[in-house]
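Report on one structure; see the data block that follows.
What follows draws every value from the coordinates through simple rules; no lab data is involved. Fair warning: this is a prediction, and the values are worked out from it, not measured in the lab. All Cβ positions, even for glycine, are placed from backbone atoms using ideal geometry, and neighbour counts span all protein chains on display.
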Ligand SMILES: [Ca+2]
Ligand SMILES: [Ca+2]
């Protein structure tokens, strides 16, 4: 049996690789396990083969074993016996946006770790909702390294959205991972309100202190207050919003624009 990377065969089918480019990455001699083969000259040692990726089971038909009947051999393919197996690990089991402005992209990051000693190939990253978009549809991660995947949520209206991000990889023990996505869309505050945390009609150091207190957890804001405090409108209130307010006060930039 010769083994090809199915991703390479798919690339040929898609026209991204030439037909002669995919080469076998492994060869396994199985004649000693076959029943009807008595000499190396014989043809058709085995018939159809199929791999159950989820359970790591390789099914191979051997024809003409019991008179004209076939039997099916089943091999358990253990990735750890190859000496090179990828191990996927994610920085989060799910992603959540407590709030995001309608029509404004808001990004969350997911770190993909490969704890194994084989290359991790994530062949498909897909979201089932167009409001949530991953930055890549394919990612490769070297052994003992990591890659960051951005996921952008752009709400089209007010309210809560649920979706699922699906990742398919060559880690046989976690060949498919589902990552729940949850986001809440809210309507952006009116012109001129952004940065004015305490609604007194002007942006000054009092608003900066309000933002810092919110970050420290000592000031709780309602939706309007969150809107006014998220100076850069990225759906996260952090030190960058404090700097944005300072720049607003200095006349270097304007919150909400
Ligand atoms: Ca103010
Ligand atoms: Ca922000």
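For this structure, a couple of remarks:
- Degrees, to the nearest 10: 205-216 long Cα axis against longest axis of the chain: 40 degrees
- Sorted from greatest to least, the principal axis extents spanned by the alpha carbons of the stretch 2-77 come out as 44, 31, 20 Å.
- Of the residues 185, 235, 15, the one that moves most in a GNM of the chain with alpha-carbon contacts below 10 Å is 15.
- Computed over the Cα atoms of the stretch 88-186, the ratio of the radius of gyration to the Kirkwood radius (Rg/Rh) comes to 1.01.
- The coefficient of translational diffusion for the stretch 188-257, derived via Stokes-Einstein from the alpha carbon Kirkwood radius under 20 °C and 1.002 mPa s, stands at 189 µm²/s.
- Label-to-label distance, nm, for residues given as residue 115 and residue 199 (7 Å Cα→Cβ offset): 4.8 nm
- Unit Cα scatterers, Debye sum, the stretch 129-257: log10 I(q)/I(0) for q = 0.09, 0.21, 0.22 Å⁻¹: -0.38, -1.12, -1.18
- Tail beyond 26 Å, pair distance distribution of the chain (Cα, percent): 59 percent
- Fewest-first ranking of 231, 255, 189, 161, using other Cβ atoms within 10 Å as the exposure measure: 161, 189, 255, 231
- Pairwise centroid distance, computed over Cα atoms, of the stretch 187-239 with the stretch 66-137, Å: 37 Å
- Ranking of 76, 43 by count of other Cβ atoms within 10 Å, fewest first: 43, 76
- Taking each residue as 0.36 nm, the span from residue 190 to residue 65 lengthens on full extension beyond its C-alpha to C-alpha distance by 37.2 nm.
- Residue of 29, 182, 45 that the Gaussian network model of the chain assigns the largest fluctuation, springs spanning Cα pairs under 10 Å: 29
- Stretched out straight at 0.36 nm per residue, the stretch from residue 133 to residue 72 would grow longer than its current Cα-Cα span by 17.7 nm.
- Value of relative contact order over the chain, rounded to a whole percent, pairs C-alpha under 8 Å and six or more apart: 14 percent
- Principal-axis analysis of the Cα atoms of the chain puts helix 239-250 at an angle of about 40° to the longest axis.
- Pairwise label distance in nanometres, residue 160 with residue 31, each label 7 Å out on the Cα-Cβ vector: 6.4 nm
- Computed over the chain with a Gaussian network model linking Cα atoms closer than 10 Å, the most mobile of 66, 207, 232 is 66.
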